[in-house]
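The values are calculated or read from the model by the stated rules, or taken from the named source; none is laboratory data. All values derive from a computational prediction rather than experimental measurement. Backbone-built Cβ (ideal geometry, glycine too); neighbour counts: all protein chains shown. These area figures cover heavy atoms from the full protein model, side chains too; ligands, DNA and RNA do not enter into them. Shrake-Rupley method; radii C 1.70, N 1.55, O 1.52, S 1.80 Å.
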Amino acid sequence: MPNPGRHMGGNALPHCIDTVRRFNRFYTKQIGVLQEHLLESPFSLTEARVIYELAHHDHTTARDLGAELGLDAGYLSRMLRGFHRRGLVQAKRSTIDGRETLLRLTARGQTAFAKLNGESGAEVGAMLRQLPEAAQTRLVNAMQTIEGLLREPPASPSDVPYILRPPRPGDMGWVVQRHGELYAQEYGWDEQFEALVAEIVAKVIRHFDAKRERCWIVERDGVNVGCVFLVQKTRTVAQLRLLLVDPKTRGLGIGARLVDECTRFARQTGYRKIMLWTNSVLHAARRIYEHAGYTLVEVEKHHSFGHDLMGQTWELTL
């Protein structure tokens, strides 16, 4: 470990230490205020931390969770068994290493995370609203500076975690905007495609059935990088719509994860089939659907969005 005395005078170091310790005491108290929502929650602070960590990973292991959070293995094991009994976590044997069990949140666990995340966000928002906008910016910049100086850089870009969460205000506008931007950049599609996406999103918002439909937003490092919708087409058929993964996060398995979440929710909800409509030029998306078990059932030529295209209907029997 480097000697901090090399970088500052002997008289400066004690003052810096005192300043850091004073800030730690202040911020610990402030964090306690921001966690008051946990007093009315069924989760302890440590349980909430574990749920947050699970939500940030597609799959993880108890060993990795313990290392990340600094928790005793026995204590964590009892907690995870409790989560399993409450239907919050599901476990499956790793296909790579049969000695390891992979953990992930169930749909109920995702709902619990969304509630915790929403309440936490509301409390942080209340704190920030007490400050003028310029002061909010200074505070956030200072926090980013501290984090950037103290945290270890990820070994690779793929080590930066992402979360799947329900949409927040403004997310639906982002879905429309990002679809319009990306499809214009990558395929040259005109504004009629963006209009179609806007119509789909508006219909989802107006007629959303929380019991039978879902929208997932993918967030990574505080930025939206993906989305997917699963909506009801008939009582027995669900439709997968608006799958999108931002180019800078492709190759991380996000698209496959989103499709998998749709399949899992559709099965739990009692749908018998999922269908989707896409176009033959969307090669990456088609590979994801094929890998997930979808079958191409219909092909139709059409002229849309300024181009001659080949529309495709795919289905997955559940």
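Listed values, structure above:
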read-out: Of the criteria (1) within 21 Å of the chain's Cα centre (by Cα); (2) at positive phi, which one Val204 fails; value: (2)
read-out: Given (1) in a strand (DSSP E or B); (2) surrounded by fewer than 17 Cβ atoms within 10 Å (Cβ to Cβ); (3) of a type in the set (Gly, Ala, Ser), number of the condition Ala238 does not satisfy; value: (2)
read-out: Residue match in the range 54-64 (condition: assigned to a loop (DSSP other than H, G, I, E, B) and touching a helix residue (DSSP H, G or I) at 6+ places or on another chain (Cβ under 7 Å)); value: yes
read-out: Selection status of Ala266, part of a helix (DSSP H, G or I), out of contact with any Asp or Glu (no Cβ under 9 Å at 6 or more places or on another chain) and within 27 Å of Asp190 (Cβ to Cβ); value: no
read-out: Count of residues meeting criterion [open to solvent by 40 Å² or more (accessible area, probe 1.4 Å) and more than 21 Å from Ile163 (Cα to Cα)] in the range 203-214; value: 7
read-out: Selection within the range 274-318 - open to solvent by 80 Å² or more (accessible area, probe 1.4 Å), among the charged types (D, E, K, R) and not in a helix (DSSP H, G or I); value: Glu298, Glu300, Lys301, Asp308
read-out: The listed residue being modelled with pLDDT of 85 or more, outside any loop (DSSP other than H, G, I, E, B) and either over 23 Å from Ser120 (Cα atoms) or of a type in the set (S, T, N, Q) (or both), out of Ala91, Ala48; value: Ala91
read-out: Selection from the range 182-222 of residues that are closer than 17 Å to Leu276 by Cβ, out of contact with any helix residue (DSSP H, G or I) (no Cβ under 7 Å at 6 or more places or on another chain) and aliphatic (A, V, I, L, M); value: Leu196, Ile200, Val204
read-out: Qualifying positions in the range 262-286 - among the hydroxyl-bearing types (Ser, Thr, Tyr) and under 18 Å from Thr111 (Cβ atoms); value: Thr263, Thr269
read-out: Among the candidates Glu199, Glu219, Glu261, residue that is touching a Phe, Trp or Tyr at 6+ places or on another chain (Cβ under 8 Å) and either more than 19 Å from Trp314 (Cα to Cα) or among the basic types (Lys, Arg) (or both); value: Glu219
read-out: Residue list for the range 82-131, restricted to those being of a type in the set (Lys, Arg), within 19 Å of the chain's Cα centre (by Cα) and open to solvent by 20 Å² or more (accessible area, probe 1.4 Å); value: Arg108, Lys115
read-out: Residue match in the range 149-166 (condition: modelled with pLDDT of 90 or more, within 30 Å of Val201 (Cβ to Cβ), open to solvent by 40 Å² or more (accessible area, probe 1.4 Å) and not in a helix (DSSP H, G or I)); value: yes
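Yes or no, residue by residue, for (1) among the basic types (Lys, Arg); (2) surrounded by 15 or more Cβ atoms within 10 Å (Cβ to Cβ); (3) not in a loop (DSSP other than H, G, I, E, B):
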{"position": "Ala142", "(1), (2), (3)": "no, no, yes"}
{"position": "Arg178", "(1), (2), (3)": "yes, yes, yes"}
{"position": "Ala184", "(1), (2), (3)": "no, yes, yes"}
{"position": "Val197", "(1), (2), (3)": "no, yes, yes"}
{"position": "Val201", "(1), (2), (3)": "no, yes, yes"}
{"position": "Trp216", "(1), (2), (3)": "no, yes, yes"}
{"position": "Val231", "(1), (2), (3)": "no, yes, yes"}
{"position": "Leu242", "(1), (2), (3)": "no, yes, yes"}
